[in-house]
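Below is one structure, written out as structure tokens; the observations come after it.
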Amino acid sequence: MKRSFSRSKRKFLGGTMAVVAGTMVSGLAREARSAELPRVTEDEPTAVALKYVHDASRSARPAADQVCHNCRYFKGTQQTEWERCDLFPGKTVNANGWCNVWAMKG
Ligand code: SF4
């Protein structure tokens, strides 16, 4: 009986470790992909149209807490300096940036 419990415990821990390792590898792969993408420039047409800036403190944002890293379209975290955004396919935006499409991450 005790042996069976230990076996299931090992199986559970093994599965948990596999999930954790998979998540870490997935995160590293995502960061590597983002690092390969060009950074959006503030003077390109889409950025101008959306009033995108790399530094939100220079923007006309309506609230000081509106920043790319907490926007629903940002694919990274606050720790990710440059990351993909749904509004700029194939490019990355700055985590501390802002544009006028900003929407709170859900
Ligand atoms: Fe930043 Fe959000 Fe605008 Fe993308 S949509 S540039 S993440 S504020």
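Annotations for the structure displayed:
- With a Förster radius of 25 Å applied to the C-beta separation of residue 51 and residue 73, the computed FRET efficiency comes to 0.95.
- Extension gain, residue 103 to residue 43, is 19.4 nm, computed as 0.36 nm per intervening residue step minus the present C-alpha separation.
- Per-residue 3J(HN,Hα) values for segment 98-104, derived from phi via the Karplus relation 6.51 cos²θ - 1.76 cosθ + 1.60 with θ = phi - 60°, read 6, 8, 7, 9, 3, 9, 4 Hz in sequence order (x marks Gly and Pro).
Quick note: the coordinates plus some simple rules give every number you see, no bench work behind them. Just so we're clear, the structure is a prediction, and the values are computed from it rather than from any experiment. With ideal geometry, Cβ positions are generated from the backbone for all residues, glycine too; neighbour counts draw on all protein chains shown.
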